[in-house]
Amino acid sequence: MVFVPKKLFFTKGVGVHKDKLASFELALRDAGIEKCNLVMVSSILPSGCEIIPKAQGIALLKPGEITFCVMARNDTNEANRLMSAAIGVAVPTDREKNYGYLSEHHTFGEKGEIAGEYAEDLAATMLATTLGIPFDPETAWDEREQIYKASQLIFKTTHTVQSAEGDKRGLWTSVVAAAVFLE
């Protein structure tokens with residue numbers, strides 16, 4: 001059986017607990033995807049896949065179902081350590097003919113906005129290379145973004161990001177960002 005997702009939603013969450021696994025579970029709960037058996041997949045946004053709002057996507061989940069997602073995750077038990085987890089997406093203009101890209105990025109010491117833009121840049125760069133759009137990796141993201149969109153081959157780029165500082169008491173802190181696929 002071939003499974004090609006028809007829908008996708010983005011979510012994010014943060015959790016804090018004395019145990020690393022429980023902290024991750026709480027981050028999944030915050031994201032609304034804790035009831036699923038998550039299977040991490042790589043970075044292709046299938047052609048024709050519709051991006052739907054988070055609330056609509058979560059309402060379609062069934063407890064225990066095997067759910068495919070692209071996930072970025074980060075954990076720390078260091079007090080005040082800044083961390084981020086981000087998912088970027090690049091959607092081609094011809095969504096029925098071309099596939100898009102998702103990217104995951106997890107980092108320490110980087111504010112959420114920077115991590116999110118980096119993930120978005122990664123996805124856009126991967127899509128640009130498949131569409132034959134020339135790019136210079138040394139050029140700033142803002143400039144490359146304008147080139148990508150001016151090509152009229154990339155319709156949209158965006159990201160979702162969760163950042164947090166490690167718990168001040170040294171408890172485990174986990175952050176997740178995910179693109180969740182649905183039938």
Among (1) outside any loop (DSSP other than H, G, I, E, B); (2) at pLDDT below 95, the one test that ASN98 misses: (1)
Test: residue in the stretch 154-166 that is in a helix (DSSP H, G or I) and either under 16 Å from VAL91 (Cα atoms) or under 18 Å from the mean Cα position of the chain (by Cα) (or both): no
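Quick check on this structure: which one of THR125, THR129, THR139 is free of Cβ contacts under 8 Å to residues at least 12 places away in the same chain and in a helix (DSSP H, G or I)? Working first, answer last.
On the way: THR125 fails: free of Cβ contacts under 8 Å to residues at least 12 places away in the same chain; THR139 fails: in a helix (DSSP H, G or I).
Only one candidate qualifies: THR129.
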Members of the stretch 15-45 found to be under 15 Å from the mean Cα position of the chain (by Cα) and assigned to a loop (DSSP other than H, G, I, E, B), listed by number: GLY32, ILE33, VAL41, SER42, SER43
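Yes or no: ASP75 touching a strand residue (DSSP E or B) at 6+ places or on another chain (Cβ under 7 Å) and assigned to a strand (DSSP E or B)? So that I can check it myself, show each step before the final result.
Numbers: touching a strand residue (DSSP E or B) at 6+ places or on another chain (Cβ under 7 Å): yes; assigned to a strand (DSSP E or B): yes.
Answer is yes for this residue.
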Lone unmet requirement of (1) under 27 Å from GLU165 (Cα atoms); (2) of a type in the set (A, V, I, L, M); (3) crowded, with 18+ Cβ neighbours inside 10 Å; (4) touching a Gly at 6+ places or on another chain (Cβ under 7 Å) for VAL91: (1)
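Looking at the stretch 152-178 only, could you name the residues that are surrounded by 19 or more Cβ atoms within 10 Å (Cβ to Cβ) and more than 24 Å from SER47 (Cα to Cα)?
GLN162, SER163, ALA164, GLY166, ASP167, TRP172, THR173, SER174, VAL175, VAL176
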First in the stretch 146-158 and more than 15 Å from GLU117 (Cα to Cα), second anywhere and modelled with pLDDT of 75 or more and assigned to a helix (DSSP H, G or I), Cβ under 7 Å, 6 or more apart: LEU153/LEU131; ILE154/ALA124; ILE154/LEU127; ILE154/ALA128
Enumeration of residues in the stretch 18-40 that are among the aliphatic types (A, V, I, L, M) and within 12 Å of ILE66 (Cα to Cα): ILE33, LEU38, VAL39, MET40
LEU38 vs. criteria more than 17 Å from VAL161 (Cα to Cα), in contact with a helix residue (DSSP H, G or I) (Cβ under 9 Å, 6 or more places away or on another chain), surrounded by 20 or more Cβ atoms within 10 Å (Cβ to Cβ) and at pLDDT 95 or above: no
Test: residue in the stretch 91-110 that is without any contact (Cβ under 8 Å) to a residue 60 or more places away in the chain, β-branched (Val, Ile, Thr) and within 30 Å of ARG169 (Cα to Cα): yes
Considering residues of the stretch 49-88 that are among the basic types (Lys, Arg) and surrounded by 13 or more Cβ atoms within 10 Å (Cβ to Cβ) only, the residue nearest to PHE3 (Cα to Cα): LYS54
Qualifying residues in the stretch 94-134 (those that are among the charged types (D, E, K, R) and more than 18 Å from the chain's Cα centre (by Cα)) - the one surrounded by the most Cβ atoms within 10 Å (Cβ to Cβ): ARG95
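ILE114: touching an Asp or Glu at 6+ places or on another chain (Cβ under 8 Å) and either within 30 Å of LEU26 (Cβ to Cβ) or in a strand (DSSP E or B) (or both), yes or no?
On the way: touching an Asp or Glu at 6+ places or on another chain (Cβ under 8 Å): no; either within 30 Å of LEU26 (Cβ to Cβ) or in a strand (DSSP E or B) (or both): yes.
Considered against the rule, which asks whether it is touching an Asp or Glu at 6+ places or on another chain (Cβ under 8 Å) and either within 30 Å of LEU26 (Cβ to Cβ) or in a strand (DSSP E or B) (or both), ILE114 comes out as no.
The values are calculated or read from the model by the stated rules, or taken from the named source; none is laboratory data. Worth saying up front: this structure is predicted, and the values here are computed from it rather than measured. Counting neighbours? That spans all protein chains shown, and the Cβs are built from the backbone with ideal geometry, glycine included.
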